[in-house]
Amino acid sequence: MRLVVVSAGLSVPSSTRLLGDRLAAAVVGHDASVEVQVVELRDLAVEIAHNLTNGFPGRKLAAALDTVAGADGLVVVTPVFSASYSGLLKSFFDVLDRDALAGKPVLVAATGGSARHSLVLEHAMRPLFAYLRAVVVPTGVYAASEDWGAEGLAGRIERAASELAGLMGGLSRRGAAAPVEPEGFEPEGPERFEPEGFVVVPFAEQLAALKS
């Protein structure tokens with residue numbers, strides 16, 4: 001399985017990238033077969049801006065979009081700017097195919113200078129990936145400056161990573177066990193599944209009845 005970390009950190013070194021790396025390492029701790037790739041949005045900023053204006057991804061951006069679309073799970077981590085995710089992060093997912101994350105498990109994480117912004121995970125990150133029809137991991141991880149080296153952060157990382165590893169493994173097994181219809185199989189009409197005594201009236205017929 002392939003895990004992709006999407007980091008929107010801007011500085012070097014970056015606490016945002018550090019949080020993404022720790023989450024990825026914790027996922028690998030649960031499943032050693034997981035391969036980790038990192039997409040640094042800082043390196044793609046110019047190509048993302050060009051894609052927004054001309055509609056075409058450059059070479060590096062196209063490779064990054066393919067990497068994200070082909071992942072079995074994502075860790076997405078952003079710094080908090082103006083009480084939300086960074087514009088760079090939002091722009092990247094704006095140019096991603098809108099179906100690319102459907103059904104894909106995503107762990108959301110953020111870093112900030114104050115614990116007062118921790119709800120960015122719930123009011124910004126989680127709705128964004130719910131809109132993209134991803135499966136958002138129940139536990140998000142927020143790290144304020146004072147969290148590094150303090151108690152609590154390691155436990156949240158471990159819990160979130162455990163949930164992501166479980167979702168990646170479960171979805172992978174479910175895909176492998178998907179039933180294969182035999183050759184010549186014809187799906188049954190909807191009437192075959194209707195409970196006894198239950199009649200579905202087509203909406204067009206209901207409208208015609210109202211007009212008469």
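Let me spell out the model: positive unit charges on the Cβ of Lys and Arg, negative unit charges on the Cβ of Asp and Glu, origin at the Cα centre of the chain. What dipole size does that give, in debye rounded to 20?
With Lys and Arg at +1 and Asp and Glu at -1, about 780 debye.
Could you tell me which of GLY87, VAL28, VAL68 has its Cα farthest along the dipole of the range 8-163 towards the positive end, charges placed at Cβ (Lys, Arg +1; Asp, Glu -1), taken about the Cα centre?
Towards the positive end, the residue furthest out is GLY87.
Can you tell me the mean projection area, over all orientations, of the convex hull of the range 112-154's alpha carbons? Units nm², please. Before the final figure, lay out the partial values.
Numbers: hull surface 13.1 nm².
So the mean shadow area of the Cα hull is 3.3 nm².
Rounded, prolate or oblate: which fits the range 1-114, taking a ≥ b ≥ c as square roots of the Cα gyration tensor eigenvalues, rounded meaning a/c under 1.5, else prolate when a/b beats b/c?
Taking the square roots of the gyration eigenvalues as a ≥ b ≥ c, the range 1-114 is oblate.
Looking only at ALA26, ALA115, ALA150, which one moves most when the chain is put into a Gaussian network model with springs between Cα atoms under 10 Å?
In this elastic network of the chain, the residue with the biggest mean-square fluctuation among ALA26, ALA115, ALA150 is ALA150.
Work out which chymotrypsin sites (Phe, Trp or Tyr not before Pro) in the chain are exposed loop sites (DSSP not H, G, I, E or B, at most 13 other Cβ within 10 Å) and give the longest gap free of them.
Details: sites that count: TRP148, PHE185, PHE198.
In short, 1-147.
Just to be sure I understand the rule: take each whole DSSP H helix in the chain, project its Cα atoms onto its long axis, keep it if the span is 30 Å or more and its mean Kyte-Doolittle hydropathy is at least -1.0. Which ones pass?
Qualifying helices, which must be both long enough and hydrophobic enough, are 153-176.
Which order do ARG2, ARG98, ARG159, ARG59 take when ranked by solvent-accessible area (1.4 Å probe, heavy atoms of all protein chains), largest first?
I get ARG59, ARG98, ARG159, ARG2, largest accessible area first.
How big is the C-alpha Rg of the chain next to the rule-of-thumb value 2.2 N^0.38 Å, as a ratio?
1.28
With both bridge residues required to lie in the chain, what share of the DSSP beta bridges run antiparallel, to the nearest 5%?
5
Give the range of the longest stretch in the chain that excludes all GluC sites (Glu not before Pro) found in loop regions by DSSP and having at most 15 other beta-carbon atoms within 10 Å.
1-150
The values are calculated or read from the model by the stated rules, or taken from the named source; none is laboratory data. Only a predicted model underlies this, so the values are computations on that prediction, with no experimental measurement involved. Glycine gets a Cβ as well: all are built from the backbone with ideal geometry, and neighbour counts include every protein chain shown. Please note that ligands, DNA and RNA were not included when accessible areas were found on the heavy atoms of the full protein model with its side chains. Shrake-Rupley method; radii C 1.70, N 1.55, O 1.52, S 1.80 Å.
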